[in-house]
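Only one structure is covered here, and it is reproduced in the block below.
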Amino acid sequence: MADLSAFENRLRKNLKHWGKWARRNGIQCYRLYDRDVPEFPLIVDIYGERVHLQEVDTGWQMDEADYQSWLDAVRQRVADVLALPLDAVALKQRRRQKGLEQYEKTGREGVDFVVGEGRHRFIVNLDEYLDTGLFLDHRNTRRMVEQEAAGKRVLNLFAYTGSFSVYAAAGGASEVITVDLSNTYQDWARRNLLENGFDGPRYEMVRADVFRYLDDAVERSERFDLIVMDPPTFSNSAKMQGILDVQRDHPLLVRQCLRLLNPGGVLYFSNNLRTFKLDESLVDECELQEISAQTVPDDFRNKRIHRCWRMVKRAL
């Protein structure tokens, strides 16, 4: 078993730095450790008074008994460093996922609790699903959306639990439409909006396949001022009319969004496919700027955790 002292020392060092940074910025959820020490391929995320601990699949082979002992020791060491009870550390063995697997249930019971991100509040669950309900790597992007949402009609596509919708509403959007195919996440997004005091007809929830929604919205000549689109890399959900492949399908998705935007309207488009290449022809169809360097937060060592573009529809 690898010597745990290197892992513990790095945790303590990171906690001293990022803990102070988080308190200064009013952030309760942040990334503390991301495979900093190669012998410990783990991700440690802080969610208030709890921890989301993920083991990243490396393909390493280990005797099952030794492996379980190693996991148990790592989990205990995380609890010790953070001065938390062991049951506050949710451990997940992270395998490479495709499509909507990242949103699926783990089969374990989970407890919903509320965390703060600045002046916003979000419901998270560290156990029941493979992901938590709040993607920490888009903290900066959410802030950008809030800063330019005032008075705008906003569309949030592939909305998951609606964190972008909360930020848009907080920024004074005239209307926010939240689109996702999952009943579970539509309900979660609605609860997040309510948790932040946003209710009523200005905040519409739409359960729909995004491809179909976009087709129908174009047909209806809908218009928006601000659109956020953060699709999964791949999805073959039985509820969809087809299969989503973000590399193949992003030109269609982006062009449909541009059709819905008013002149001068903005599309934030992101994804986390490591090998993603933006279709070069889109450069000619809008004012386009990659903003990934600004949207990946300081607490993420992996500066390619996602890629993000700000696209502006040209005035007629």
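The values are calculated or read from the model by the stated rules, or taken from the named source; none is laboratory data. Being a predicted model, the structure only gives us computed values, none of them experimental. Please note: Cβ atoms are built from the backbone with ideal geometry, for glycine as well, and neighbour counts cover all protein chains shown. Accessible surface areas use protein heavy atoms only, side chains included; no ligands, DNA or RNA. Shrake-Rupley method; radii C 1.70, N 1.55, O 1.52, S 1.80 Å.
What to note about this one:
- Nonpolar atom fraction for the chain, defined as the carbon and sulfur part of the 1.4 Å probe accessible area, stands at 46 percent.
- Between the helical axis of 4-24 and the longest alpha-carbon principal axis of the chain there is an angle of about 40 degrees.
- Unit charges on C-beta of K, R, D, E only; dipole of the stretch 109-262, Debye: 520 debye
- Each Lys and Arg Cβ is given +1 and each Asp and Glu Cβ -1; about its Cα centre, the chain then shows a dipole of about 880 debye.
- For the stretch 163-250, the set of trypsin sites (Lys or Arg not before Pro) satisfying both a DSSP loop assignment and a count of at most 15 other C-beta atoms within 10 Å is given as 202, 220, 223, 239.
- Whether the stretch 144-229 is rounded, prolate or oblate, judged on the alpha carbon gyration tensor where a/c under 1.5 counts as rounded: oblate
- Accessible area (Å², per residue) of the chain, counting only protein heavy atoms and a probe of 1.4 Å: 47 Å²
- Using θ = phi - 60° in the Karplus curve 6.51 cos²θ - 1.76 cosθ + 1.60, the 3J(HN,Hα) couplings for the stretch 300-311 round to 9, 5, 7, 7, 10, 4, 8, 10, 9, 10, 10, 10 Hz; x is entered for Gly and Pro.
- Other-chain or far-sequence residues with amide H under 5 Å of residue 33's (modelled H): 44
- Beta bridges per DSSP with both ends in the stretch 112-264, % antiparallel, nearest 5: 30 percent
- Amide hydrogen proximity for residue 92: with H placed 1.01 Å from N in the peptide plane, the residues at 5 or more positions away or on another chain lying under 5 Å are 53, 54, 55.
- FRET efficiency estimate (nearest 0.05) - Cβ-Cβ, residue 195 to residue 174, R0 22 angstrom: 0.55
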